[in-house]
Structures are given as C-alpha cells and as structure tokens.
Amino acid sequence: MAILVLLTSLAVRAVHSGKVLPGVRVADVSLGGLDAAAAKRRLRPVLRDRAPVRLVAQGRTIAVEPGRAGWVADVDATVTRALDAGRSGPLGGLWSTFSGLVRAREVAPSVTVDDRLVRRAAAAAADRVESRAFAGALVIAPGSLVVTTRPPRAGREVDRAELAQRLGEELRRNTGRPVDVPLRRTQVVGRAKVRAVGAAADDYLQAALRLTGAGSPIVIFPAQIAPVLALESIDGGRDARLGADPGPLAALVARVAEQRDRPAREPRLDAPARPVTFDAKDSVSWRSRAANVRVVAPGHDGRSVRSDALAAAIARAIRAGRHTVRVPMRTLTPSATERSVRGVRSLIGTFTTHYVPGQPRVTNIRLIARAVDGTVIAPGGRFSLNGVAGQRTSEDGYVEAPFIADGELKQTVGGGVSQVSTTIYNAAYFAGLRLDSHTPHSFFIDRYPAGRESTLNYPDIDLLWTNDTDTPVLVRTATDDTSVTVSLYGDNGGRHVRAQSGAREPYPGGDFQITVTRLLRYPDGRLVRQPFTSRYDIPPPE
C-alpha cells in the first residue's frame, strides 16, 4: 500500500508540475490542474464578488459589503497558497498529495482587513439599529400654562467595539454565518417619576421668579419662565427632576443682561482738534510740545451681568423650587482712570493730508474722522481703526467712491477712507508710538508721503498701533473743505522722531520702491532705527 501511495503521489506531482494539485479548492472553487495564470483568472471574479456579511439584530438583517468594510483579497498570494497545498507534510508531503485525490482540500484566501474601515462599517450599522432612549418631557400650554407630560421610552445601544471585533473576525474567516449584533437596553426613568416632575413644574408656575440685585427687582412671570422649565434626566437616565432647558434659559439671561448691563464710561477729554498743520512728505523731524488738554467729564464704573453664573443660579432655584435669585454682577472699570488722564499734557503727534474739495470721498473721510474723534487709548491699549470706526455702510451715510482693489480703482461704499488711515498712521509715527500693522497702497498716490501711508479695508486690512507710554492717548480729528488733521495728545516722555526718506529705486515689474527709516530717540539718549520698505506697482491708466 505504501508503495502504491508513493508511486501515485509522484506521478500526480509529475503531471501537475507548476500546477495546482487535485482536490484543492478556494472559496468552493476547484483549482486542481490549473497553472498560476489560469487559477488567478478563475479566482478574481469569485473573490471580487464575495457575498456580503450579514449582521442580525432582533430579527433585522443588515448586509455589509466586504470591500466597504476594509476587506481586500490578495489573488496572487492566494494562488501561491493553492500551488503549495498538498506539497508539504510528513514524507515530503506525499501522503498529502495522495489524499487530495480522494477528498477536497479547502485553502483559505489570503486577505487583509483595514480595522479603521471595519470600525466605520460597524458604526454605520449601529446607527441603523440603535434607538435613543427618551427620558420623557414636559409640555406646557402657552396660554393656560397647563402642564402635561410625555412618557419615557427605553432605547437600545450597540456595543460598537464588540460589533467591530465580530465583523472583523468574520471578514477574515469567511464562515458565511450571520453575525449577531451585541445590543443592550438603555434604562429610563419610570412613568410615575415623569408625572411627579410634571407636578413639580405645575407647582413652580404658581408664583413669579424674582431677580434681585443691581437695581429694582426684575419679575419673571410664570408665562415667561414656563419655556425654561424642562425635565432633566440624571443618574445615567435612571432618575429625573425639574430643571431648565439651556436654550430658553440663555435667552432669558440675555434679556436680563440687556436690562442690567451698563458700560463703563471713559473720562472725556478736550483738546484742540487742529493745533498746527504738519504735512511734510519727505525727511522731517518732530518733537512733542505742551498743549491745553482739559478733563471735561469724569469716567465712571459700569456693570455687567455674569451670564453663566446667573444661568446656573436660576437652574438651581428651579430645581429647589425657590422663586428668588440674586443676579451676580461684575464691575467694569474704565480703561483710563481720571488720575491717569490728568497726565495728558502734550501734543505728541499730529499730521495733515489734503484732498480735492467736493468729491464723494470727502463725505466718507469726514464720517470716519468723526467716528474716531475723542477716542482714548489707555496705557498698553491697542488702537484699531476698523475696531473704532466699524464697517462702512450706506446706512451710516457712507457713499460710493474710488477704492484700490486688486490693483484697480473700483467704486466702493466707503472709498477714500484710507486717507484718514494714512493721516492717523503718520500722527502715531511722529508720536513715537509702537506701530503694529499697516499696509501701503498697491500703487503710489502723490497726495501721501511716499513710504509713509496706509490703506484700509473692512475687515481684512486694518491700521494698528499700541500706546506704549504710561499715559492715555487722546485722538482728535478735524476736517475742512480741503484737508483732514489727526492729533494725538498724551505724554511720550519727550521722544524725538525723525523720518528719513531714502531714494526711489526701481524694482522688476513695478513702479518703484522706497525705504523710510524712523529714527526714534528716547529721553535717555537711546536711538532706535526702524526702516520700512514700500513697493509700488505701476498705476492703472486713467
């Protein structure tokens, strides 16, 4: 018998050299007698069209396409496995070769599974199976304030990690058996508890809610507090109590804040709006000088509702059945104290630019200059022209005028306000203040100093500078038919500024570039050089 097995096995191997041995199957497909190329051709459609994995949950079946769940069959590796089948084992695998003549030998496909996609497929199936628990709800009729309740309803959740593990195992093993979806029932509070919460809501609506503090009490009548009341699920859904709905509660708190908030008022200063005319375009020096600045109105504190704390306090009162809540407030102080503004004694910087009278842009210049006039920047504070003036709109009186956009002049509401930006920039420049951000125009406009000008656009292009002195800075503006002047008052400690303009130099593809250096000398003799290079494109044709 052994001789027969030996001879038969050797003969089979000789006949099937380079081919799959008899009896070898992959995914129920017989590959015996096929060479590698033929085996691949037969397997590709079979492995590509693998049957979906069936997920079963409470009698419902969800089909998961293997490819969408990260399953990929390696046909080449599978055929290599098939060619090796029956050629290994005891006696050089001869008995294994012989056994393939009398029974089928199933070879598992070589597959890879992307666990990330498995988890995603499991989550998608879970979304279709799960049902959220419903803890119950209060229903309060708007007019009558009659309270009814909606009963709770249990839900079901999928153990998503376990489902992903089961799905991944089936994708790898390909047993063809359905996969049970691991479900668990989510607990909810009993109906009697929901009815008790409804009764508590009815009791709460028998009296108004009084908010005290920061003035006369605010009375929130039952009809106003009713939308805030809600059934609040606690203890993982096993209990419930009367609570507050965050959305309506926030709206209620916002209405209270509207009534109680009072902004801090900055001290109001007065100083000459156009003390001198300083409009030099080239190299020039400036030093601060004494000025007559008066405090015409003292500042005072403001107040603001601590909205988060008030919301929490109202929610606690509702849960406890209390009808009085003290409104938590915070004090708002002016950024500049009255004592500090008394140190504003000097004209630290000023500048004037000119325009042609009667043009539409003059309207815009006057409007934005008026919006800025009187602004006080506290020590360490930052001035933002967009922040102070806001968006320029036709509703505020701004009109269409030319504005440079993408290298072209276009009609835009608020066009021309860059002139005020340039004027303020130069005033801050000569005041020796810290210049944070400015953007030159894309092409040169000869009414401005070359290399010392600043465009403006809401909200993306702003002019920013910081008051890096120990005294507040007062901004005054003035306009007439032909010019706008910006003057800054404060105390910069006697800083001396010189603007040193370089030569206009050509640069490839543009009009010219120029470097202007600010020489900033401090009272202790320290000299700081601050060069800035502006590049201008060739202006568009008229």
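Residue order by solvent-accessible surface for Glu395, Glu157, Glu400, Glu130 is Glu395, Glu400, Glu157, Glu130, largest first, with ligands and nucleic acids left out and a 1.4 Å probe. Database remark: amide H of Phe383 closer than 5 angstrom to the amide H of Trp465, Thr466, Asn467 (H placed geometrically; neighbours at sequence offset of 5 or more, or on other chains; Pro and chain starts carry no H). For Ala230, the residues 5 or more places off, or on other chains, whose built amide H falls under 5 Å of its own are Gly243, Ala244, Asp245. Measuring gaps between exposed loop sites in the chain (trypsin sites (Lys or Arg not before Pro); DSSP loop; at most 11 other Cβ atoms within 10 Å), the longest gap, sites not included, is 133-525.
Using a probe of 1.4 angstrom and keeping all protein chains present, the accessible surface of the chain works out to 50 square angstrom per residue.
Shape of the stretch 483-542 from its Cα gyration tensor (a ≥ b ≥ c, root eigenvalues): rounded if a/c is under 1.5, otherwise prolate when a/b > b/c, or oblate?
Oblate.
The Cα atoms of the chain define a convex hull whose projected area, averaged across directions, is 46.8 nm².
The C-alpha atoms of the chain define a longest principal axis, and helix 246-260 lies at about 10 degrees to it. Against the main long axis of the alpha-carbon atoms of the chain, helix 75-84 sits at an angle near 30°. Measuring nothing but how far apart in sequence close Cα pairs (under 8 Å, 6+ apart) lie, relative to its length, the stretch 196-267 scores a relative contact order of 24 percent. Between the Cα long axis of helix 160-173 and the first principal axis of the chain there is an angle of about 40°, rounded to the nearest 10. Spin-label model, Asp481/Ser384: points 7 Å from Cα along the beta carbon direction are separated by 3.9 nm. Backbone phi angles across the stretch 323-340, fed through the Karplus curve with coefficients 6.51, -1.76 and 1.60 (θ = phi - 60°), yield HN-Hα couplings of 10, 9, 9, 8, 6, x, 10, 10, 8, 9, 9, x, 5, 10, 7, 5, 5, 5 Hz in residue order; Gly and Pro are listed as x. A probe of 1.4 angstrom, applied to the heavy atoms of all protein chains, finds Ser144 with accessible area near 80 square angstrom. Accessible area ranking (1.4 Å probe, heavy atoms, ligands and nucleic acids excluded), largest first, for Glu338, Glu453, Glu232: Glu338, Glu232, Glu453. Among the protein heavy atoms, those of Asp524 account for about 120 Å² of accessible surface (1.4 Å probe, every chain in place).
Distance between Cα centroids, the stretch 414-434 to the stretch 280-350: provide it in whole Å. Taking the Cα centre of each part, the stretch 414-434 and the stretch 280-350 sit 25 Å apart. Taking amide H as placed 1.01 Å from N in the peptide plane, Gly349 has its amide H under 5 Å from the amide H of Leu488, each at least 5 places away in sequence or on another chain. Quick one: grab the alpha carbon gyration tensor of the stretch 181-236, order the square roots of its eigenvalues as a ≥ b ≥ c, and give me rounded if a/c is under 1.5, else prolate or oblate depending on whether a/b is larger than b/c. Prolate, since a/c reaches 1.5 and a/b exceeds b/c.
For the stretch 320-372, rounded, prolate or oblate, judged on the Cα gyration tensor with a ≥ b ≥ c (square roots of eigenvalues), a/c < 1.5 rounded, else prolate if a/b > b/c? All intermediate terms of the calculation are to be shown ahead of the outcome.
Numbers: a/c = 8.66, a/b = 1.95, b/c = 4.45.
Because a/c hits 1.5 or more and a/b fails to exceed b/c, the stretch 320-372 counts as oblate.
Bridging of Lys40 to lysines at a Cα separation below 25 Å is possible for Lys19, once same-chain residues fewer than 8 apart are set aside.
Between Arg68 and Arg265, the simple spin-label model (points 7 angstrom out along Cα→Cβ) gives 6.7 nm. With each label modelled as a point 7 angstrom along the Cα→C-beta vector, the His323-Asp308 pair spans 3.1 nm.
Across the stretch 265-282, coupling constants 3J(HN,Hα) worked out from phi with the 6.51/-1.76/1.60 Karplus curve, θ = phi - 60°, read 10, 6, x, 9, 10, 10, 7, x, 6, 9, x, 9, 10, 10, 9, 5, 9, 10 Hz, and Gly and Pro carry x. Residue separation of Ala154 and Asp470 scaled by 0.36 nm, minus their Cα-Cα distance, works out to 107.2 nm of gained length.
Here Val276 and Gln500 are evaluated by their C-beta separation; at R0 = 25 Å the FRET efficiency comes out at 0.70.
Only DSSP H runs of four or more residues enter the estimate; each adds -39500 (n - 2.57), and after division by the residues of the chain the mean residue ellipticity at 222 nm equals -8500 deg cm²/dmol.
Within the accessible surface of the stretch 259-413, defined with a 1.4 Å probe on protein heavy atoms only, the carbon and sulfur portion equals 46 percent.
The values are calculated or read from the model by the stated rules, or taken from the named source; none is laboratory data. Everything numeric in this text was worked out from a predicted model, so none of it was measured. Using ideal geometry, Cβ is built from the backbone for each residue, glycine included, and neighbour counts are taken over all protein chains shown. Keep in mind that these areas ignore ligands, DNA and RNA; they rest on the heavy atoms of the full protein, side chains included. Shrake-Rupley method; radii C 1.70, N 1.55, O 1.52, S 1.80 Å.
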